[in-house]
Amino acid sequence: MFLLIVPPLLWAGNVVIGRVVSTLVPPITLNFLRWAIAFLILLPLAGPIFRRGSSLWLHWRRFALLGLLGVGLYNALQYMALQSSTPINVTLVAAGMPVWMMLTGWLFFGVAIVRRQIIGAILSIGGVLLVLARGELAHLLELRLVAGDIFMIFATIVWSIYSWLLTRSQEPADIRANWASFLLAQVGFGAVWSGLFAAGEWAYTDAVIHWNTTLFAALAYVSIGPAIIAFRCWGAGVQRAGPAVAAFFSNLTPLFAAVLSSAVLGETPHLYHAIAFLLIVGGIVVSSRRAA
């Protein structure tokens, strides 16, 4: 359980920091810098996996896909979401994760859906819709999503596919033997993907970086905490508990984000945030009992 509690806390800090530096660095570039630094940190711990003859090259397609989804796309979409949405909204939209995890498992991995999961999903969707409507239930039919909400919905779908793929096959023995090897195999490919995306951002936008101590501190945090530590804990937790159960723990992120946003950004949660969180927690309780 501890393995699945640590990532939401660190990810909540990630979205708050992403909001803090949103005016200092372009979102896709931030994602690339984050993973490039993480790659350099992990390299001394597991560098031999890149040697000729390593089983990494026999399974490079799997790790390239994991790197694309979990490293190249998910976090870039999240940082893009934070350009126009708040950390609380972003994490509450992401709280629809159990719904997407359930649907992904059913559509692509042949996992059956049970009634309690459907009830829990309905409650979670209700909480997410409340956030998307900004608390104006009467305006649901006139709902207009901001760009950040749409980016976060796509990010959540990407993450659910990534999580299911973590359980679909066993890694080679030389990579599975060391947690850093498994993470570096993903980060290596992911850094390449995110670098390509960042190159496109600089080619087609007016990207600029404002270097200062705040940005340096932010890069240190997002490269070590949410990147290395959280990914290590999440990967181990998913493989032990399964994606469906792990998804429920990811919904602790809005609670941590609300506390951190209030402390760091001065963004006071509204009443509809509290109601949405209760609906989402209700969905977790109902679904997790069945999933257990």
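Just so it is clear, none of the values below were taken in a lab; they were calculated from the coordinates. In this text the structure is predicted, and so the values were computed from the model without any measurement. So basically every Cβ, Gly included, is an ideal-geometry build from the backbone, and we count neighbours across all protein chains shown.
Points to keep in mind about this one:
- A simple spin-label model places the labels of Ile113 and Phe154 2.4 nm from each other, with each point 7 Å out along Cα-to-Cβ.
- Selection among Ser124, Ala274, Phe197 by position relative to the dipole of the chain gives Ser124 as farthest towards the positive end (Cβ unit charges, Cα centre).
- Each Lys and Arg contributes +1 and each Asp and Glu -1, all at the Cβ; summed about the Cα centre of the chain, the dipole is approximately 880 debye.
- Using a simple spin-label model with pseudo-atoms 7 Å out from Cα toward Cβ, His270 and Ala173 lie 5.8 nm apart.
- From its DSSP helices (H runs of at least four residues, each -39,500 (n - 2.57)), the chain gives a residue-normalised ellipticity at 222 nm of -22500 deg cm²/dmol.
- Listed by number, the DSSP H helices of the chain that run 18 Å or longer by alpha-carbon position along their axis and have mean Kyte hydropathy of at least -0.5 are 2-20, 27-46, 115-132, 147-166, 179-204, 271-291.
- The stretch between Val208 and Ile229 holds 4.7 nm of extra length on full extension. This uses 0.36 nm per residue minus the Cα-Cα distance.
- Take every pair of alpha-carbon atoms less than 8 Å apart whose residues are at least six positions apart; their mean separation over the length of the stretch 162-271 yields a relative contact order of 35 percent.
- A simple spin-label model places the labels of Leu40 and Ala217 2.0 nm from each other, with each point 7 Å out along Cα-to-Cβ.
- Label assignment, semi-axes √(5λ) of the Cα gyration tensor in Å derived from the structure, set (i) 29, 25, 16; (ii) 36, 24, 18; (iii) 33, 23, 17: (i)
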